[in-house]
Structures are given as C-alpha cells and as structure tokens.
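Colleague: The structure under discussion is supplied below as structure tokens; questions concerning it will follow.
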Amino acid sequence: MSQSPPRFIRLLRAPTPTDVGLLAITTRGKTGFYVFKEIPSAIGGRGFEMHRLGLGTVYHVRVGKPEECACECIGFYRHGKCKHIQGLLALVGHAMI
Ligand SMILES: [Zn+2]
C-alpha cells in the first residue's frame, strides 16, 4: 500500500494556527487550487472552509465518520459525496492535516 494520498489531491502547504493551507484537486485533467483552514465543528467530525482560487467559491466541508461528512457543493447534494470530502478525508487519513 502506498503511503501517499490519492493522486487527485495534493497538499501544497499545510495550514498552521496562524495561516491557511493550500491544496490542489485534480479531476478529469483539470486542477483547482484551494486555500483552506480548519474551523470549529460543534456537531462532530472536523470542519474545514475551502475557498477555490479564481472563482470566489467558498465551501464549508465536514469530515469524520461517514455520517459526519457534509459539504455545500452541488456534487454532495446530488450524490452524497464529493471531491472536497474525499480530498480532505485522504489528507486527514494520512495525518497530513
Ligand atoms: Zn463538495
């Protein structure tokens, strides 16, 4: 088993207590860059705010156990999963954030 996360997400800069992190998500050959930071979650899991560079889109994403995962994007509403959750879960699972 490889220790690196799936190829579609890359952590470019881990967040620190005082600064945001930067990650890239590649799907179907297109790469989107996001700044992100952890935000408090009062209802379980870990909360993150992701801001896609260039589009001004902000998503609030929650990851944890399957029932704790949620996102604000259309993909999540349609399919119950999305690249934001999958990407953050990969980074959390590999203890990179
Ligand atoms: Zn999403």
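Colleague: In a shell of Cβ-Cβ distance under 13 Å around M50, excluding M50 itself, what net charge do Lys and Arg (+1) and Asp and Glu (-1) give? Walk me through the numbers on the way to the answer.
Modeller: Numbers: positive: K37, R46, R52, R62, K83; negative: E38, E49, E72.
It works out to a net charge of +2.
Colleague: Which net charge results for the neighbourhood of G75, defined as the other residues with beta-carbon distances under 9 angstrom from its beta-carbon, given Lys and Arg at +1 and Asp and Glu at -1? Mind showing how you got there, number by number?
Modeller: Working: positive: R78, K81, K83; negative: none.
That sum, taken over residues with Cβ under 9 Å, equals +3.
Colleague: What lysines could a cross-link reach from K65, if we take a straight Cα to Cα line under 26 Å and drop same-chain neighbours fewer than 8 places away?
Modeller: K37, K81, K83
Colleague: Can you tally the net charge around L23? Count Lys and Arg as +1, Asp and Glu as -1, for every other residue whose Cβ sits under 10 Å from the Cβ of L23. Walk me through the numbers before you get to the answer.
Modeller: Values: positive: R10, R13; negative: none.
Spelling it out: positives minus negatives among the neighbours equals +2.
Colleague: Once you have the alpha carbon radius of gyration of region 9-93, what is it after dividing by 2.2 N^0.38 Å, with N set to its residue count? Don't skip to the answer; put the middle values down first.
Modeller: Working: Rg = 12.1 Å, N = 85, 2.2 N^0.38 = 11.9 Å.
Scaled against compact globular proteins, the figure is 1.01.
Colleague: Given R₀ = 30 Å, what would the calculated FRET efficiency be for E67 paired with R28, taking r from the Cβ atoms and rounding to 0.05?
Modeller: On the way: r = 29 Å, r/R0 = 0.95.
Taking R0 as 30 Å, the efficiency between E67 and R28 is 0.55.
Colleague: How far apart, in nm, are two points set 7 Å out from the Cα along the Cα-to-Cβ line at R78 and at H60?
Modeller: Placing both labels 7 Å beyond Cα along the Cβ direction yields 2.4 nm.
Colleague: Using helices alone, I'd like the mean residue ellipticity at 222 nm for the chain: each DSSP H run of four-plus residues gives -39500 (n - 2.57), total over residue count, nearest 500. If you can, show how the numbers build up before the last one.
Modeller: Working: 2 runs with 17 residues, N = 97.
The per-residue figure over the chain is -5000 deg cm²/dmol.
Colleague: Sort H51, H84, H79 so the one with the fewest other Cβ atoms within 10 Å of its own Cβ comes first.
Modeller: On the way: H51 15, H84 29, H79 8.
Fewest to most other Cβ atoms nearby, the residues stand as H79, H51, H84.
Colleague: Which ordering of F33, F76, F48 is given by a fewest-first count of other beta-carbon atoms within 10 Å?
Modeller: On the way: F33 14, F76 18, F48 26.
Taking fewest neighbouring Cβ atoms as first place, the list is F33, F76, F48.
Colleague: Also: Order of L88, L53, L11 from fewest to most other C-beta atoms within 10 Å? Please report the intermediate quantities before stating the final value.
Modeller: Working: L88 26, L53 12, L11 18.
Ranked by crowding around the Cβ, least crowded first: L53, L11, L88.
Throughout, read-outs are computed from the coordinates displayed, never taken from laboratory work. Please read these numbers as outputs of a predicted model, since none were measured by experiment. Virtual Cβ from ideal backbone geometry, glycine too; neighbours counted across all protein chains shown.
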